[in-house]
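We did not get these values from a lab; they are worked out from the coordinates using the rules stated. If you're wondering where the values come from, they're calculated on a predicted model, not measured in any experiment. Virtual Cβ from ideal backbone geometry, glycine too; neighbours counted across all protein chains shown.
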Amino acid sequence: MPHLPDWSPKTDTFFDYFEKQATLTVEAVRLLKVLLEDFTDIEPKVKAIKEVEHLADDVTHRAFELLHKLFWTPFDRADVYRLLTHLDDVLDLVDAAAERLDLYDVGAVVPEARELAGVLLAQTRKMQEVVRGLRNVKRDHVRILDACKGINALENQADTLLRRGLAHLFRSGDDVLRVIKWKEILDLVENATDRAEDVANVVEGVVLAST
């Protein structure tokens, strides 16, 4: 008998994967913030972030496998793909920033890096909230949309912090290589806030299409 597509709505697993991705992302950002606030024992702290990133990669891989196997998805297949991708992007950028903190001799932490990590942590906690809300989107749509607005507002804060941080670096008179290193790290963290905003935008579209 030929293999038939899976029509059964056994896709609560997608919500499990979304939530697990979001939870791991929050943990990685928390660890990054800890690293930037106490810039000692750098290598083991970065390794801990890498371990979280590996766990998240496994979740993402299994989620994409499920997406290709199932005919039925909890909402538009393209939105499922975009949501999985943007969630993965946030953590990949966090991991990349942490890796550079270990590989580069960056010197003292610039204050805006700590502040950006704080903004990103607040963002990812709201991101975790909106992802959890997808299980009951009709019931929780007002709360989800409000949290999405909060994520967008935090991204605007991150833009301001990046501009301020770059201005301080360029005016500091520091060694050019140090400026280049910190510019790259700040850009990576700010890019992570952009991808968190992308998550919010996908979720907002799903909510508006469902209510």
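By how many nm would the segment from Ala209 to His54 grow when fully extended, if each residue of separation counts as 0.36 nm and the alpha-carbon distance is taken off?
Between Ala209 and His54, full extension yields 52.5 nm more.
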The chain, Gaussian network, Cα under 10 Å: of Asp16, Asp76, Asp95, the residue fluctuating most is Asp76
Excluding residues fewer than 8 positions from Lys20 in its own chain, the lysines with Cα under 23 Å of it are Lys10, Lys33, Lys45, Lys47, Lys50, Lys69, Lys126, Lys138, Lys149
Sequence gap at least 6, Cα distance under 8 Å: using those rules, report the relative contact order of the chain to the nearest whole percent.
29 percent
Go ahead and collect, in residue order, the members of segment 100-132 whose backbone nitrogen is under 11 Å from a label point 7 Å along the Cα-Cβ direction of Asp187.
none
Using the crude model of +1 on Lys and Arg Cβ and -1 on Asp and Glu Cβ, and no other charge, please compute the dipole size for segment 115-211 relative to its Cα centre, in debye to 20.
340 debye
Rounded to the nearest Å, the spacing of the alpha-carbon centers of segment 39-67 and segment 22-36 is 11 Å
So for Arg82, Arg195, Arg171, Arg135, fewest C-beta neighbours within 10 Å to most, what's the order?
Arg171, Arg135, Arg82, Arg195
Under a Cβ-only charge scheme (Lys and Arg +1, Asp and Glu -1), can you give me the dipole magnitude of segment 12-210 about the Cα centre, in debye to the nearest 20?
560 debye
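May I ask for the net charge around Leu161, where only other residues with Cβ less than 15 Å from the Cβ of Leu161 are counted and Lys, Arg are +1 while Asp, Glu are -1? Don't skip to the answer; put the middle values down first.
On the way: positive: Lys33, Arg114, Arg163, Arg164, Lys183; negative: Glu112, Glu115, Glu155, Asp159, Asp187, Glu190, Asp194, Glu197.
Here the charged neighbours net out to -3.
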Report P(r) for segment 100-175: all Cα-Cα distances, bin width 5 Å, range 0 to the bin holding the largest distance, values in whole percent.
3, 14, 19, 16, 14, 11, 9, 7, 4, 2, 1
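Could you give the longest part of the chain that holds none of the chymotrypsin sites (Phe, Trp or Tyr not before Pro) found in DSSP loops with at most 16 neighbouring Cβ atoms within 10 Å?
Between exposed loop sites, the widest span is 105-211.
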Sites Glu43 and Ser172 - FRET efficiency at Förster radius 35 Å, r taken between beta-carbons, to 0.05
0.85
Each label sits 7 Å from Cα toward the beta-carbon; between Asp105 and Thr85 the label points are separated, in nm, by 4.0 nm
What shape does the chain have by the C-alpha gyration tensor, where a ≥ b ≥ c are the square roots of the eigenvalues, rounded means a/c under 1.5, and otherwise prolate means a/b greater than b/c and oblate the rest?
prolate
